[in-house]
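Working notes for the structure below.
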Amino acid sequence: MCDLDRLKAVTIVRVAGRDMLVIWNEGDVVACDRVCPHEQADLGRGRVEAGRLFCPRHAASFDLRDGAITAGWPSPPLRLYPVRITGEQVWVDTGMRQSER
């Protein structure tokens, strides 16, 4: 769970007790794994720009719609999770991948 106003203010929020992030992306909320599947960097230290999450360790980025890494990088996609917003709270379904919805 995450507060929507806090998320809008800081863009990337680390989820307490979980190795995941909640991201404010151009008006949408995205939840994903915190660790880069390519180099295991902390993506919470990355940046969000033009619908992509940029890894702080290398030049690759992940599409926040489907988790796909920049073309040409040998990496599995970033795992995304379904989210729902209830009132001013963001809830993440950690039991399934977004593609399983």
In a Gaussian network model of the chain with springs linking alpha carbons closer than 10 Å, the residue among P82, P74, P56 that fluctuates most is P74
Counting other Cβ atoms within 10 Å, which GluC sites (Glu not before Pro) in region 1-80 have at most 14 and lie in a DSSP loop?
E26, E39
Name the residue from A31, L43, A9 whose Cα lies farthest towards the positive end of the charge dipole of the chain, charges +1 on Cβ of Lys and Arg and -1 on Cβ of Asp and Glu.
L43
With n ≥ 4 as the cut-off for DSSP H runs, can you work out [θ] at 222 nm for the chain, using -39500 (n - 2.57) per run divided by the number of residues, rounded to the nearest 500?
-1500 deg cm²/dmol
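Would you mind working out the magnitude of the charge dipole of the chain relative to its Cα centre, with +1 at each Lys and Arg C-beta and -1 at each Asp and Glu C-beta, to the nearest 20 Debye? It would help to have the intermediate numbers written out before the result.
Working: 14 positive and 14 negative charges, 30 e Å.
The dipole magnitude comes to about 140 debye.
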Fraction of alpha-carbon pairs in the chain farther than 25 Å apart, rounded to whole percent, equals 11 percent
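Bear in mind these aren't lab numbers, they're just calculated from the coordinates by the rules spelled out. This one's a predicted model, so the numbers in the text were calculated from it and none came from an experiment. Virtual Cβ from ideal backbone geometry, glycine too; neighbours counted across all protein chains shown.
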